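For reference, the structure discussed in these notes is given below.
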């Protein structure tokens, strides 16, 4: 049921394949009766910038405003093509937010009233970083965005600095059908709690609260709400959307 408070509000969203397109965020937009839904999520993305070596050449994530910016790719299958790998490295929250802000400034999309982040499923545990270190100082350093915590701090601060009236929410990943993968996600969530608390933004604990549970899912196979042990099917997307809409409704002010 829509809420009259949200009728004129624009909803911005960024994330990975669980968020891309008309999935849970579309259901939030419809559930709350918002004015607009602007989704810059791309499959296979992570929070942080990365480096790798391809055919002996070291490459790293470019900034969106780089003169030779190669683009963004959601590819994931093995490749040694250096241009494709560069576009894959560009597929992260930092670049998504740089592009989102550029699109607003250029008039392509309206400024967000509510913005939700939803990354982490694809992140590597070795790059979680220290939330306490990421929170040091007044300014967010783009050089610290090669960790999940540093990238999260930079993204949140960039959005809230650019759009002072925006209400920001950060969604945790959902449970998957793989218990080992979920243990990694729980480590990330502890870091996310500290980071979001330090940045004074609302953390939505989708992992522990939306109703998608590892006990009813299977790694690599269809379960109750996940079509492959990782990605929600249509009922799972609706379930996520209803939960996140409730959390936004209850915590919007």
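Looking at region 6-13, is at least one residue outside any loop (DSSP other than H, G, I, E, B) and surrounded by fewer than 20 Cβ atoms within 10 Å (Cβ to Cβ)? Step through it out loud before you land on a result.
Residues of region 6-13 outside any loop (DSSP other than H, G, I, E, B): 6, 10-13.
The next check asks that each one be surrounded by fewer than 20 Cβ atoms within 10 Å (Cβ to Cβ); those that pass are none.
No, region 6-13 contains no residue that is outside any loop (DSSP other than H, G, I, E, B) and surrounded by fewer than 20 Cβ atoms within 10 Å (Cβ to Cβ).
Any chance region 133-150 includes a residue that's modelled with pLDDT of 95 or more, surrounded by fewer than 20 Cβ atoms within 10 Å (Cβ to Cβ) and closer than 18 Å to residue 97 by Cα? Yes; the residues of region 133-150 include at least one that is modelled with pLDDT of 95 or more, surrounded by fewer than 20 Cβ atoms within 10 Å (Cβ to Cβ) and closer than 18 Å to residue 97 by Cα. Scanning region 109-132 for residues being out of contact with any strand residue (DSSP E or B) (no Cβ under 9 Å at 6 or more places or on another chain), surrounded by fewer than 20 Cβ atoms within 10 Å (Cβ to Cβ) and either farther than 30 Å from residue 77 by Cβ or at pLDDT below 95 (or both) gives a total of 2.
Considered as a group, the residues in region 72-85 that are within 23 Å of the chain's Cα centre (by Cα) and surrounded by 13 or more Cβ atoms within 10 Å (Cβ to Cβ) include one that is nearest to residue 155 (Cα to Cα), and that residue is 72.
Is it true that residue 94 is in contact with a strand residue (DSSP E or B) (Cβ under 7 Å, 6 or more places away or on another chain), surrounded by 20 or more Cβ atoms within 10 Å (Cβ to Cβ) and modelled with pLDDT of 95 or more?
Working: in contact with a strand residue (DSSP E or B) (Cβ under 7 Å, 6 or more places away or on another chain): no; surrounded by 20 or more Cβ atoms within 10 Å (Cβ to Cβ): yes; modelled with pLDDT of 95 or more: yes.
Here the answer is no, as residue 94 does not meet what is asked.
Taking the criterion of being buried (at least 16 other Cβ atoms within 10 Å of the Cβ) and either more than 16 Å from the chain's Cα centre (by Cα) or farther than 17 Å from residue 168 by Cβ (or both), the residues of region 200-212 that qualify are 207, 210, 212.
Here residue 149 fits the description: touching a helix residue (DSSP H, G or I) at 6+ places or on another chain (Cβ under 6 Å), free of Cβ contacts under 8 Å to residues at least 60 places away in the same chain and outside any loop (DSSP other than H, G, I, E, B). Filtering region 167-199 to residues that are farther than 19 Å from residue 233 by Cα and touching a strand residue (DSSP E or B) at 6+ places or on another chain (Cβ under 9 Å) leaves 167, 168, 169, 170, 189, 192, 193, 195, 196, 197, 199. For region 52-80, a residue qualifies if it is more than 28 Å from residue 104 (Cβ to Cβ), free of Cβ contacts under 8 Å to residues at least 12 places away in the same chain and in a loop (DSSP other than H, G, I, E, B), and the qualifying residues are 56, 77, 78, 79.
For every residue, the table says whether it meets (1) modelled with pLDDT of 95 or more; (2) assigned to a helix (DSSP H, G or I); (3) in contact with a helix residue (DSSP H, G or I) (Cβ under 6 Å, 6 or more places away or on another chain).
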{"position": "153", "(1), (2), (3)": "yes, yes, yes"}
{"position": "156", "(1), (2), (3)": "yes, yes, yes"}
{"position": "164", "(1), (2), (3)": "yes, no, no"}
{"position": "193", "(1), (2), (3)": "yes, yes, no"}
{"position": "198", "(1), (2), (3)": "yes, yes, no"}
{"position": "215", "(1), (2), (3)": "yes, yes, no"}
{"position": "223", "(1), (2), (3)": "yes, no, yes"}
{"position": "241", "(1), (2), (3)": "yes, yes, yes"}
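Any residue in region 110-124 that is over 26 Å from residue 28 (Cα atoms) and either touching a residue at least 12 places away in the same chain (Cβ under 8 Å) or touching a helix residue (DSSP H, G or I) at 6+ places or on another chain (Cβ under 7 Å) (or both)? Scanning region 110-124 turns up at least one residue that is over 26 Å from residue 28 (Cα atoms) and either touching a residue at least 12 places away in the same chain (Cβ under 8 Å) or touching a helix residue (DSSP H, G or I) at 6+ places or on another chain (Cβ under 7 Å) (or both). Candidates 107, 129, 120: the one that is at positive phi and more than 18 Å from the chain's Cα centre (by Cα) is 107.
What about residue 84, is it more than 29 Å from residue 11 (Cα to Cα) and modelled with pLDDT of 95 or more?
Working: more than 29 Å from residue 11 (Cα to Cα): yes; modelled with pLDDT of 95 or more: yes.
Answer is yes for this residue.
For region 31-51, the criterion of a residue being closer than 20 Å to residue 245 by Cβ, free of Cβ contacts under 8 Å to residues at least 24 places away in the same chain and buried (at least 18 other Cβ atoms within 10 Å of the Cβ) is satisfied by no position.
The values are calculated or read from the model by the stated rules, or taken from the named source; none is laboratory data. Since the structure is predicted, the reported quantities are computational estimates derived from the model, not experimental observations. All Cβ positions, even for glycine, are placed from backbone atoms using ideal geometry, and neighbour counts span all protein chains on display.
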